[in-house]
Amino acid sequence: MDYQYLLKSTIDISLIAGKKIIDIYETTNNSINVEYKGDSSPLTLADKASNKIIIDGLRKLNPGIPILSEEKKNAEYIERKDWNLFWLVDPLDGTKEFIKRNGEFTVNIALIKNGSPIMGVVFAPVLNKIWYGLVDYGSYLISNNGNHKKISINQSNHDTTFIVSSRSHSNNPKLEEFLKQFEKHELIKMGSSIKMCLVADGSAQLYPRFGPTMEWDTGAAHAVVKYAGGNIYNIDTNEELKYNKENLLNPGFIVK
């Protein structure tokens with residue numbers, strides 16, 4: 001399988017989905033178009049439109065690879081447990097940031113093989129930045145001027161440790177306890193999967209997450225971090241996060 005071709009095509013799909021999100025972002029009153037799912041998380045027209053573009057695009061790209069998406073009725077575990085290769089999609093990560101209109105939301109498409117991400121694309125439409133990673137190829141950032149830059153994690157020994165924190169879930173006692181181990185630290189508050197990408201591109205060194213996330217929240221950025229020299233670990237066991245579990249909820253984790 002030509003993974004570099006799949007990567008290029010996936011980037012193209014993410015750009016089309018991101019453009020549609022921006023069209024909605026700039027022309028609608030988001031508060032009027034917000035629904036709430038069973039878990040009380042918000043759902044907008046942009047989530048739905050992006051999901052349709054991505055699902056249709058991936059099916060045309062390779063109809064033989066199944067798709068698991070936040071906004072698509074997902075297969076039961078009895079069916080997907082035998083998926084050795086599948087797409088993992090979050091068509092709009094950071095819906096709360098979309099509604100707040102702060103620009104910190106992303107399109108996320110990952111390719112998972114045997115429970116691990118082998119490719120991931122994260123597109124932040126407002127920032128006009130794409131982070132992507134591919135096994136045996138590395139991770140890159142396409143900046144808003146179109147430049148491709150190879151990225152790697154920052155293992156700096158500077159006095160100050162830069163730690164990413166969720167903008168919408170930052171008041172967490174476990175986070176406060178975690179931060180006590182650092183004599184000097186600076187928090188970078190950010191929404192969506194951009195947080196993980198900031199560790200991948202060296203803008204930050206750590207991202208601890210104690211609150212709940214789902215597999216589609218992390219899959220694409222996990223690939224970016226992994227092929228930039230880092231990883232995402234279960235915060236209790238220090239094992240790498242795995243995908244296509246029976247329960248799609250992630251454990252608490254740390255990105256480093």
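Every number in this text was worked out from the coordinates using simple rules, so none of it is lab data. In this text, all values refer to a predicted model and were calculated from it rather than measured experimentally. Reconstructed Cβ throughout: ideal geometry from the backbone, glycine too, with neighbour counts over all protein chains shown.
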Debye sum, Cα scatterers, the chain, no solvent: what log₁₀ I/I(0) at q = 0.15 1/Å?
-> -1.06
Net +/- balance of residues flanking I142 in space, Cβ distance below 9 Å, scoring K and R +1, D and E -1 = +2
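In square nanometres, what is the average projected area of the Cα convex hull of the range 161-255?
Working: hull surface 23.2 nm².
The number I arrive at for the range 161-255 is 5.8 nm².
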Over the chain, what is the relative contact order in whole percent, taking alpha-carbon pairs under 8 Å and six or more residues apart?
-> 18 percent
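Diagonalise the Cα gyration tensor of the range 58-196 and give the resulting equivalent ellipsoid semi-axes, square root of 5 times each eigenvalue, largest first, whole Å.
So the equivalent ellipsoid measures 30, 19, 17 Å along its semi-axes.
Below 8 Å, C-alpha to C-alpha, sequence gap of six or more: please give me the relative contact order for the range 161-255 in percent. Each step should come with its number before you reach the end.
On the way: 154 pairs, mean separation 28.1, N = 95.
Normalised by residue count, the contact order of the range 161-255 is 30 percent.
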Fully extended contour minus Cα-Cα distance, from E26 to K180, at 0.36 nm per residue | 51.3 nm
Helix runs (DSSP H) in the chain reaching 18 Å along axis by Cα, Kyte-Doolittle at least -0.5 = 3-27, 45-61
Length gained if I65 through K81 is fully extended, taking 0.36 nm per residue and subtracting the Cα-Cα distance, is 4.4 nm
Cross-link reach list, lysines versus K20, counting only Cα pairs under 21 Å and skipping chain neighbours closer than eight places | K8, K48, K52, K60, K72, K96, K100, K129
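Given the convex hull of the Cα atoms of the range 213-256, what is a quarter of its surface area in nm²? Could the numbers behind the result be given before it?
Values: hull surface 11.3 nm².
Result: 2.8 nm².
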